[in-house]
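Mind looking over this structure? Questions follow.
The values are calculated or read from the model by the stated rules, or taken from the named source; none is laboratory data. Predicted model, so just to flag it, every value in this text is computed and none were measured. As a convention, Cβ positions derive from the backbone with ideal geometry for all residues, glycine included, and neighbour counts pool all protein chains shown. Quick note on the areas: whole protein, heavy atoms, side chains included, nothing else; ligands and nucleic acids left out. Shrake-Rupley method; radii C 1.70, N 1.55, O 1.52, S 1.80 Å.
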Amino acid sequence: MNEAAAGDLVEINVRATDAAGWPVIFEAYFDDEAVQSAQSRLMLDVLPVLVVSLVVLQLAQLLPAIGLARRIQAGQTSRRRLVQHAIVASDFERMRIARELHDEVIQDLAGLSYALEAEERQGTNERRALTGQARGILLRNLRTLRAITTELYPSDLERLGLNEALRRLLEHVAATGIDVHCELSPDVPSDKDRLAVLYRVAREALANVVKHSRASAVDLVLTGDAVTTSLSIRDNGRGFDPAAAAPGGHLGLRIMRDTVQMTDGSLSITSGVGEGTTVVVRIRRA
């Protein structure tokens, strides 16, 4: 057979053995157009079945996917509600403690200071010195309690706005002698839960700066765009070793990390001994 004259052919080789057990090769040639035509007919026969099978498979996967998406959405909604309830309950408890301190403990101590003042005026010289010393200690404790009451009572974020509430926090820090610097962005989240989380992290971080860091300066930077809001608080204090056990006073930050994560955000704390501490919180817009 002249293969060149036959045009395009499809060659088939099949290996076999003859009756004596000798290997043989069976070789056959088929017209390429006939093979292509048979292939096309086969594809046309199989294609509808294949398409229908794929459609059925997609439908079988679509219904569970819709159910899963609804469960995820319900879980996110429930999580947001839990965060909101936790924030409201925490602020309510802070207000209750602040009121009790102001109406009971602070008032009683203030009355005691007046009694000590009267005793100081009427007593002997020796007793006046002792009474004056006791009254001075009492007044210092009164100032500390009033400052704690101010910190406990939550700011009205809806009325003040986040920027003004942060400025007031920084005013308390500056009153302790720490140099403060802030950069605030007008582009802040409108969602009150996210505003509350940002404010609570700032309040906790600044309280730790005052109580534990021995810092002389602190920088607060608030930035925002269409996707994320970031809050950074950096001090030049003594810092701590992140690999060691958490220092006293940092339990609040660990609690804040859990709260931030529940609002699809992140909280990072970077520090080193003698290198200060940087707290950064990032929250996605609602």
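Could you give me the residue pairs with C-beta distances under 6 Å whose first residue belongs to the stretch 259-273 and is under 15 Å from E204 (Cβ atoms), whose second residue is polar (S, T, N, Q) and open to solvent by less than 20 Å² (accessible area, probe 1.4 Å) wherever it lies, and which are 6+ apart or on separate chains?
S271/T277
In the stretch 152-162, which residue that is buried (at least 16 other Cβ atoms within 10 Å of the Cβ) and at pLDDT below 85 is nearest to T229 (Cα to Cα)?
In this case the residue turns out to be L157.
What's the total number of residues in the stretch 113-131 that are aromatic (F, W, Y) and over 56 Å from the mean Cα position of the chain (by Cα)?
Count: 0.
Are any residues in the stretch 92-112 closer than 11 Å to I148 by Cα and without any contact (Cβ under 8 Å) to a residue 12 or more places away in the chain, and if so, which ones?
Answer for the stretch 92-112, where residues must be closer than 11 Å to I148 by Cα and without any contact (Cβ under 8 Å) to a residue 12 or more places away in the chain: there is none.
Same structure again: Sort out which residues of the stretch 1-56 are among the β-branched types (V, I, T) and modelled with pLDDT under 75, and write them in order of number.
V10, V35
Within the stretch 67-81, count every residue that is open to solvent by 100 Å² or more (accessible area, probe 1.4 Å) and more than 17 Å from Q261 (Cα to Cα).
2
Select from the stretch 177-190 the residues that are buried (at least 19 other Cβ atoms within 10 Å of the Cβ), over 22 Å from S266 (Cβ atoms) and at pLDDT below 85 and list them in ascending order.
Answer for the stretch 177-190, where residues must be buried (at least 19 other Cβ atoms within 10 Å of the Cβ), over 22 Å from S266 (Cβ atoms) and at pLDDT below 85: there is none.
Further question: Go through A165, A207, A174 for me and flag whichever is within 26 Å of R234 (Cβ to Cβ), at pLDDT 85 or above, in contact with a strand residue (DSSP E or B) (Cβ under 9 Å, 6 or more places away or on another chain) and open to solvent by less than 70 Å² (accessible area, probe 1.4 Å).
From the options A165, A207, A174, the qualifying one is A174.
Filter the stretch 115-142 down to the residues that are among the charged types (D, E, K, R) and without any contact (Cβ under 8 Å) to a residue 12 or more places away in the chain, then identify the one that is surrounded by the most Cβ atoms within 10 Å (Cβ to Cβ).
Out of the qualifying residues, it is R128.
Of the conditions (1) under 13 Å from the mean Cα position of the chain (by Cα); (2) at pLDDT below 85, S230 satisfies every one except a single condition; which number is it?
All conditions pass for S230, except number (2).
Pick from D219, D193: which is surrounded by 14 or more Cβ atoms within 10 Å (Cβ to Cβ), at pLDDT 90 or above and among the charged types (D, E, K, R)?
None of the others qualify; the one that does is D219.
Please determine, by comparing only the residues of the stretch 244-267 that are open to solvent by 50 Å² or more (accessible area, probe 1.4 Å) and farther than 25 Å from S78 by Cα, which one is modelled with the highest pLDDT.
The selected residue is A244.
A further question follows. Taking I106 as the residue in question, decide whether it is in contact with a Ser or Thr (Cβ under 9 Å, 6 or more places away or on another chain) and of a type in the set (V, I, T).
In short, yes.
Any chance you could count how many residues in the stretch 135-150 are of a type in the set (V, I, T) and either under 14 Å from V105 (Cβ atoms) or in contact with a Phe, Trp or Tyr (Cβ under 8 Å, 6 or more places away or on another chain) (or both)?
Qualifying residue count, the stretch 135-150: 3.
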